Amino acid sequence: MRCLGIDYGTRRIGLSYGDELGVATPLPALIEADPAKRRAALAGVVRERRVTDLVIGLPLNMDDTAGPKAREAEALAAQLRTEFGLPVHLVDERLTSYEAESSIPKPQRRAVRASGVIDSRAATLILQDFLNQRFPSE
């Protein structure tokens, strides 16, 4: 099992990688301005890492309802499932971006946000949650 964690955004796509060892690690975020280039870069990562499963953050509202962003994530999941023919898992990502951002000192957050580091940290939290459910510690 080789999983790619995805924190999808309209400007950046945070990425992480994990396998049966059960540890998610951040990858460089896809920060290309052109959405088609970001999508092509995502396809490149899937091929290069020989990914077997995609894990996408599902941004549910705090009351468990699915808003517009959650519907975007569900649509992306359907597209990627068709495009790559891989299993796609949706994982509740509430507060992962907040948690990832809180690990960065406040004065550095604005500069770091544009680099995609926070997005990839969020993708790591999403994937780690999935891996913890899949491979519970004994």
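Before moving on, here are some points about what is shown:
- Taking all protein chains as shown and a probe of 1.4 angstrom, GLU48 keeps an accessible surface of around 150 Å².
- Percent RCO, i.e. relative contact order, over segment 29-93, from Cα pairs under 8 Å lying at least 6 residues apart: 35
- Across SER120, SER103, the residue with the most accessible area heads the list, and the full order at a 1.4 Å probe is SER103, SER120.
- Low-density loop cleavage sites - trypsin sites (Lys or Arg not before Pro) in segment 13-93, where at most 12 other Cβ are within 10 Å (DSSP): ARG50
- Rounded, prolate or oblate (a/c below 1.5 giving rounded, otherwise prolate when a/b exceeds b/c) for segment 10-72 by Cα gyration tensor: oblate
- Cβ-based net charge around ARG2, under 9 Å, with every Lys or Arg adding one and every Asp or Glu removing one: -1
- Exposure of LEU42 as accessible area (Å², to 10), given a probe of 1.4 Å and all protein chains: 0
- Distances between placed amide hydrogens fall under 5 Å for LEU27 paired with LEU15, SER16, TYR17, all partners being 5 or more residues away or on another chain.
- The residues THR52, THR25, THR124, sorted by heavy-atom accessible surface at 1.4 Å with ligands and nucleic acids left out, run THR25, THR52, THR124 from largest to smallest.
- Value of relative contact order over the chain, rounded to a whole percent, pairs C-alpha under 8 Å and six or more apart: 36
- Positive-end ranking of MET1, PRO87, VAL45 along the dipole of the chain, with charges on Cβ about the Cα centre, is headed by VAL45.
- Shape category assigned to the chain from the gyration tensor of Cα positions, a/c cut at 1.5: rounded
- Calculated FRET value between ARG81 and LYS106, using beta carbons and R₀ = 41 Å, to 0.05: 0.60
The values are calculated or read from the model by the stated rules, or taken from the named source; none is laboratory data. Computed from a predicted structure; not experimentally measured. Positions of Cβ are backbone-derived with ideal geometry, glycine not excepted, and every protein chain shown enters the neighbour counts. All accessible areas refer to the heavy atoms of the entire protein, side chains included, with ligands and DNA or RNA removed. Shrake-Rupley method; radii C 1.70, N 1.55, O 1.52, S 1.80 Å.
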